[in-house]
Amino acid sequence: MEKHIVIVGAGHAGGTVAAMLRQLAHKGRITLIGEEMLAPYQRPPLSKDFLKGLVDIESLKLKHDEFYTAHAIDLKLNVAVEAIDPLTKTVRCQTGEILAYDILIIATGARARPLDVPGHDLAGIFTLRNVADAQALRRALEPSCRLAIIGGGYVGLEVAASARALGVEVTVLERDTRVLARVASPVLSEFFIEQHRAHGVEILCGVNLLGFEGCQGKLSGIRLSDGRLISCDSALVGIGAQPNEEIARRAGLACPGGIEVDEATRTSDPFIYAIGDVTFRPLPLYGSHKCRVESVPSAIEQAKQVAHAIVGRPPPPPEVPWFWSDQYNIKLQIAGIAIGADQNILRGTRADGKFSVFHLRGDHVVAVEAINSTPDFMLGRQLIARKTPILANNINDISKPLKETIYAF
């Protein structure tokens, strides 16, 4: 209980685990190290309300700055860690400071995947991972601006919706044949394309970029492989993220596309844990499957797991992965991951703007995608967690509440 815990990374995961350790009565030293100037804060609003100017930085913070002092958490901001030495159990900061740890938690998150094409260094090209990115993008989004978004994932579509609210012209360029291709079903892809086009967003799927074009160092357009030039004043590159695993890899930890951890978030070194977007983690509710899960709920779940392990409490039960996205007046909520699904069942209709897609393996739900249908999302989480068999044929019967028709007993 008196061990010195060093947390590398002061994002949502790092900030949460520091607070949770104190909540669980850890009495030893806690040092929380972050590269940004800000104390831990929420990132999901960056593409939505923060970008639209509806919330400020203070409202994003997980805790007031005074919290860290009051709970004896040594918060070191604007400090990067450049090396971990598992043999001496130390971390070396770029400032030259060397910190000894008893237990190390790596929560370094992920960074925007770069788009290495001609012109990528022109002014006016942005990514969105932190407050500084959001502030820079917001300054560029004047009502007369033409914004091109490369990548039709959640971040890209959320920024498209926010930009339209600011009066910006928006074009989304997606290499795949549909938006959200890696993370959602075709039904959701079609629905969001319809909604964005109804709000004036141009969406082009199945396109490839040759490069960015500009004048006097400033972006003016994007050249596609078919020869078309998409004129724009600014561009957001949102083609995914890659884990900040380099310091872990150099320290000899197993990193098969993220820092590999077990169900207690322990790495291949027994004194080093990892949590958040940087991890390659198990999903106990899905058998032996492992993957990177980029979400706040996953980061919080892993913070609970490591905090319980460190203070010697029984492990918390595994949680159902879940995700959300807000665009215009649409609330998308997803419970679970469609691993091994062999059928998809639509409940409701796209035209009503309120429907859900149930993904099943046999008579068990493995994932639910809900559009403006929070009850379906909540019930789906319960069914996945409890592995409850259901009467699949009754899912699309919207004449009665779902919970009255689907149970197989």
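A few notes on this one:
- Selection within segment 144-202 - in contact with a strand residue (DSSP E or B) (Cβ under 7 Å, 6 or more places away or on another chain) and on the phi > 0 side of the Ramachandran plot: Gly151
- Single unsatisfied condition, Ile272 versus (1) buried (at least 20 other Cβ atoms within 10 Å of the Cβ); (2) within 20 Å of the chain's Cα centre (by Cα): (2)
- Taking segment 109-201 as the region of interest, the helices (runs of 4 or more DSSP H) fully inside it that hold 2 or more residues being of a type outside the set (Lys, Arg) and touching a Lys or Arg at 6+ places or on another chain (Cβ under 8 Å) are 154-165, 186-198.
- Segment 93-143 - residue that is small (Gly, Ala, Ser) and without any contact (Cβ under 8 Å) to a residue 40 or more places away in the chain and, of those, farthest from Gly221 (Cα to Cα): Gly96
Listed here are the residues, each with its yes/no results for (1) touching a residue at least 24 places away in the same chain (Cβ under 8 Å); (2) over 28 Å from Ala241 (Cα atoms).
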position	(1), (2)
His4	yes, yes
Arg22	yes, yes
Ile33	yes, no
Leu54	no, no
Asp74	yes, yes
Val79	yes, no
Asp85	yes, no
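- Candidate set: segment 168-206, residues that are touching a Ser or Thr at 6+ places or on another chain (Cβ under 8 Å) and small (Gly, Ala, Ser); chosen: the one farthest from Leu147 (Cα to Cα): Ala181
- Residue match in segment 91-108 (condition: among the charged types (D, E, K, R) and either over 24 Å from Leu38 (Cα atoms) or buried (at least 20 other Cβ atoms within 10 Å of the Cβ) (or both)): yes
- Residue within segment 57-79 that is assigned to a strand (DSSP E or B) and of a type in the set (A, V, I, L, M, F, W, C) present: yes
- Residue in segment 336-351 that is in contact (Cβ under 8 Å) with a residue 60 or more places away in the chain and among the acidic types (Asp, Glu) present: no
Each value in this text was obtained by applying a stated rule to the coordinates, not by laboratory testing. Bear in mind that the values here come from a model prediction, so they are computed numbers and not experimental data. Glycine also receives a Cβ, built like all others from the backbone with ideal geometry; neighbour counts cover every protein chain displayed.
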